[in-house]
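The values are calculated or read from the model by the stated rules, or taken from the named source; none is laboratory data. Owing to the predicted nature of the structure, the values given are computational and were not obtained by experimental measurement. Note: ideal-geometry Cβ built from the backbone for every residue, glycine included; neighbour counts use all protein chains shown. Ligands, DNA and RNA are excluded from the accessible area calculation, which covers all protein heavy atoms including side chains. Shrake-Rupley method; radii C 1.70, N 1.55, O 1.52, S 1.80 Å.
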Amino acid sequence: MCGIVGYTGERPAVDIIMNGLKRLEYRGYDSAGIALVGDDLFIHKKNGKISVLSEALDMMDHNDIRRYHSGIGHTRWATHGVPSDKNAHPHTDCNGEIAVVHNGIIENFAVIKKMLIEKGHRMRSDTDTEVIAHLIEYYYRNNNLLDAVMKAVGKLVGTYGLCIVSSREPGRIIAARNGSPLVLGAGDYEMIIASDVSAIIEHTNKVIYLDDRELLDVRQDGFKIYDLDLKKIEKKIEDIDWDIKSIEKAGYDHFMLKEIFEQPETIKNAFRGRAIRETGSIRLDGLRLSEEELASIRRVIFIACGTSWHAGLIGEYLIEEYARIPVEVEYASEFRYRKPILKQGDLVIVISQSGETADTLAALREAKSKGVKVLGITNVVGSTIARESDGGIYIHAGPEIGVASTKAFTSQVTVLILLALMLSRRKDMNADEMRVCIDQLHEIPDKVRLLLQSNASIRRIAEGFQDNTNFLYLGRGVNFPVALEGALKLKEISYIHAEGYPAAEMKHGPIALIDEDMPVVFIAPKDIIYEKVISNMEEVKARGGRIIIIATEGDDRIQEYSDHVIYVPEVKKIFSPLLTVIPLQLLAYHIAVLRGCNVDQPRNLAKSVTVE
Ligand code: AGP
């Protein structure tokens, strides 16, 4: 949550910073601001989206604001203080010499604020961040910004990714990290600091990931990294392979739609080189588990939030059924505070697209502190979860910009399928059975491509439901988590209340809600519980409910129960969620667009939730 950018170099800083903020807007979009530093400090901040700030800057004297060659910027997701010009970042000290942008939460800000006010500091906002600017001012001596920041962050309790500039030291940016991501892009005589690489990749692919409790001292010709005792740290420069095309809309109206349509490729990327037909085996080298460690797994515990949690739930169905290993799926936010019991033989797997979700990261640390192995399934290479896990699997989905996760979900499910198959091969699945699965897995991208051709007809279905205020999603087995995911997609981007349930649970409560105003989406592929789901449809029909069904191609009988059917190709159960979720993503997308919602930046949400 919140995106921050810092630039120092030879180009006009305003261009790089504003462009970077636009790339990071998915992280927060309730207000934005910029501080440009030369002999003076130019600050401008605006309530609203980045476009509001951008328009305000466009009205100014271009030559004037383009004369600054360093500065910092921020796009906000409010925690302390309502979204407003006053609470937008950057925040400054009393003299307007120091500017700070911050991602995170300072838990002890009230105590620090009281102390600073007693010492005569004048606060102008309701934010926790402003105290940092004043605290740095308090310690700032002899134009040594690094020393002042080091002393200030030593007093902070909470999480922060910080960039700080001072008009007394133009061209210099100090950054600090604890719990909120920061990456440095090391260019040719210019340096860019950002919350993630999407603000950096069009300038350089050489990056350094900052770790917690590290300070970064940047000037256009170089950088130094320190620990909090100002001891120098040497870090490796890494190459990133995301290219600029992957963070642009490429002609689609929204990133979400582009990402839905990328799924044939992204699913393929998730299994490429990992499902080996010749040997009938699955290779997941990143797990870094020895044969002995694999053999000693007695229980798998998936920990995640939101959509990633839904993927974990699918993992539970698959691993228990195929590999016969007990699995539990935990909400990270609950796991971290409920004194979990972990024992020898437990394997913890955290799942996170961003690799930065605060609760998931805290759960990972909690599990590691109990001495168990923790693996990470992540998308963002170099993210904190990826780096702190003992091993893991990258899903290789490429940047996911739409706040509603789509391609990351199917990629997570793909690697969970691989994991289930790998563990099952070590038990009783033979090479021939595995080859059948691998062959079918290789066909999935084309099947998804085919399914995406239903886009126009799904839009037509959406037209009939855009005014509804409630929805129910029902599925069973591996498609129960898909029902949850379909409901989450709809609610987060269209603001329609939607619930997912196991279909058979309907008669234990939700059936009371059924009437002609409660559309029900059934996920009902032909499987062993198909007939049972049909009975649930009868029950809905008998109460006047409108029904949309996701069914298996060729299932003509289903039409007698449905108002609308969307067919998906027939596949083995293990692959079913990869197909059944696609129409649900499109349905949510079209309903949201028809309702005039901003699907890429839904209200109140942020792409990566780096605060509790
Ligand atoms: C998905 O559409 C959501 N925006 C959200 O639930 C998300 O999946 C959750 O915040 C977890 O994020 P992560 O995968 O980056 O950890």
Looking only at the stretch 344-369, count how many residues are assigned to a helix (DSSP H, G or I), more than 15 Å from the ligand (Cβ to nearest atom) and open to solvent by 20 Å² or more (accessible area, probe 1.4 Å).
3
I'd like to know if the stretch 114-132 contains one or more residues that are open to solvent by 10 Å² or more (accessible area, probe 1.4 Å), at pLDDT 95 or above, within 24 Å of Ile193 (Cα to Cα) and of a type outside the set (S, T, N, Q).
no
Taking the stretch 171-225 on its own, how many of its residues are in a loop (DSSP other than H, G, I, E, B), at positive phi and not aromatic (Phe, Trp, Tyr)?
2
Subset of the stretch 213-231 (residues that are under 27 Å from the mean Cα position of the chain (by Cα), more than 15 Å from Asn144 (Cβ to Cβ) and touching a residue at least 60 places away in the same chain (Cβ under 8 Å)):
none
Single residue of the stretch 306-330 satisfying the filter (β-branched (Val, Ile, Thr) and within 14 Å of the ligand (Cβ to nearest atom)) that is nearest to the chain's Cα centre (by Cα):
Thr307
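Every residue, every condition in (1) among the small types (Gly, Ala, Ser); (2) within 16 Å of the ligand (Cβ to nearest atom); (3) closer than 23 Å to Leu594 by Cα, yes or no:
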site: Ser457; (1), (2), (3): yes, no, yes
site: Glu463; (1), (2), (3): no, no, yes
site: Phe480; (1), (2), (3): no, no, no
site: Lys507; (1), (2), (3): no, no, no
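Let's see how each residue does on (1) away from the ligand (no atom under 13 Å from the Cβ); (2) of a type in the set (D, E, K, R); (3) closer than 24 Å to Asp439 by Cα:
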residue	(1), (2), (3)
Glu560	yes, yes, no
His564	yes, no, no
Tyr567	yes, no, yes
Leu579	yes, no, yes
Leu587	yes, no, no
Ile591	yes, no, no
Leu594	yes, no, no
Gln601	no, no, no
Glu612	no, yes, no
Filtered residues of the stretch 374-388 (kept if of a type in the set (Gly, Ala, Ser), open to solvent by less than 10 Å² (accessible area, probe 1.4 Å) and under 16 Å from Leu287 (Cβ atoms))
Gly376
In the stretch 370-383, what count of residues is obtained for those that are hydroxyl-bearing (Ser, Thr, Tyr) and either more than 14 Å from the ligand (Cβ to nearest atom) or touching a helix residue (DSSP H, G or I) at 6+ places or on another chain (Cβ under 6 Å) (or both)?
1
Per the filter on the stretch 90-107, residues under 28 Å from the mean Cα position of the chain (by Cα) and modelled with pLDDT under 95 are Asn103, Gly104, Ile105, Ile106, Glu107
Quick one: is Gly73 at pLDDT below 95 and within 20 Å of Asn47 (Cα to Cα)?
no
Checked against (1) hydrophobic (A, V, I, L, M, F, W, C); (2) touching a residue at least 12 places away in the same chain (Cβ under 8 Å); (3) more than 16 Å from the ligand (Cβ to nearest atom), Ala250 satisfies every condition except (2)
Residues to consider are Ile528, Ile558; find the one that is at pLDDT below 95, out of contact with any Leu (no Cβ under 7 Å at 6 or more places or on another chain) and buried (at least 20 other Cβ atoms within 10 Å of the Cβ).
Ile558
Going through the stretch 404-448 in order, the residues found to be open to solvent by 10 Å² or more (accessible area, probe 1.4 Å) and within 16 Å of the ligand (Cβ to nearest atom) are Ser405
Subset of the stretch 270-290 [open to solvent by 50 Å² or more (accessible area, probe 1.4 Å) and in contact with a His (Cβ under 9 Å, 6 or more places away or on another chain)]:
Arg272, Arg277
Residues that are within 12 Å of the ligand (Cβ to nearest atom), touching a Leu at 6+ places or on another chain (Cβ under 9 Å) and more than 24 Å from Lys22 (Cβ to Cβ): does the stretch 385-402 have at least one?
yes
Single residue of the stretch 291-305 satisfying the filter (closer than 21 Å to Ser576 by Cβ and either open to solvent by 10 Å² or more (accessible area, probe 1.4 Å) or under 19 Å from the mean Cα position of the chain (by Cα) (or both)) that is nearest to the ligand (Cβ to nearest atom)
Ala304
Go through Glu499, Glu485 for me and flag whichever is closer than 21 Å to Ala588 by Cβ, open to solvent by 30 Å² or more (accessible area, probe 1.4 Å), within 16 Å of the ligand (Cβ to nearest atom) and in contact (Cβ under 8 Å) with a residue 12 or more places away in the chain.
Glu499
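Every residue, every condition in (1) modelled with pLDDT of 95 or more; (2) in contact with a Gly (Cβ under 7 Å, 6 or more places away or on another chain), yes or no:
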| residue | (1), (2) |
| --- | --- |
| Gly280 | no, no |
| Ala295 | no, no |
| Val329 | yes, yes |
| Ile349 | yes, no |
| Gln353 | yes, no |
| Glu356 | no, no |
| Leu375 | yes, yes |
| Val381 | no, no |
Is it the case that Ser333 is within 15 Å of the ligand (Cβ to nearest atom), under 20 Å from Leu584 (Cβ atoms), in contact with a helix residue (DSSP H, G or I) (Cβ under 8 Å, 6 or more places away or on another chain) and not in a strand (DSSP E or B)?
no
Considering every residue within the stretch 258-269, establish whether at least one is over 22 Å from Val482 (Cβ atoms), more than 16 Å from the ligand (Cβ to nearest atom), outside any strand (DSSP E or B) and open to solvent by 30 Å² or more (accessible area, probe 1.4 Å).
no
Which condition number does Leu228 fail, the rest of (1) farther than 29 Å from Asp359 by Cβ; (2) open to solvent by 20 Å² or more (accessible area, probe 1.4 Å); (3) of a type in the set (A, V, I, L, M, F, W, C) being met?
(1)
